[in-house]
Amino acid sequence: MSVGDTIRAEIKRRIGRGEDGVVSDDESLLDSGILDSAAVFELVQFVEKEFGVRVEDDEVVPEHFESVGAMARLVEGKKK
């Protein structure tokens, strides 16, 4: 499972979107209301634990948590 797929599955689990509810790589999770600020911090904890990376406070910005693709790029960049 790719980083994006793992993040997408966690978002679906948290928001209760079933298999037919698509969360695309570039869908704005913040603008659509799928994620709020509390959910972003929960996802920070998830990606840190799941992928063994550290997300610094100054990296918790909308640009990194706007979409599944943005989160996957952040994680993949930290794993290098």
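Laboratory data are not the source of any read-out in this text; all were calculated from the coordinates shown. Since this is a predicted model, take the numbers as computed values, not measurements.
Between the helical axis of 37-51 and the longest alpha-carbon principal axis of the chain there is an angle of about 60 degrees. Our helix-only sum for the chain, with -39,500 (n - 2.57) per DSSP H run of n ≥ 4 divided by its residues, gives a mean residue ellipticity at 222 nm of -16500 deg cm²/dmol. Relative contact order of the chain: 43 percent, from C-alpha pairs under 8 Å at least 6 residues apart in sequence. Angle of helix 68-79 to the longest C-alpha principal axis of the chain, folded into 0 to 90 degrees and rounded to 10: 20°. Measuring how big region 3-79 is from its alpha-carbon positions, Rg and Dmax come out at 11.3, 35 Å.
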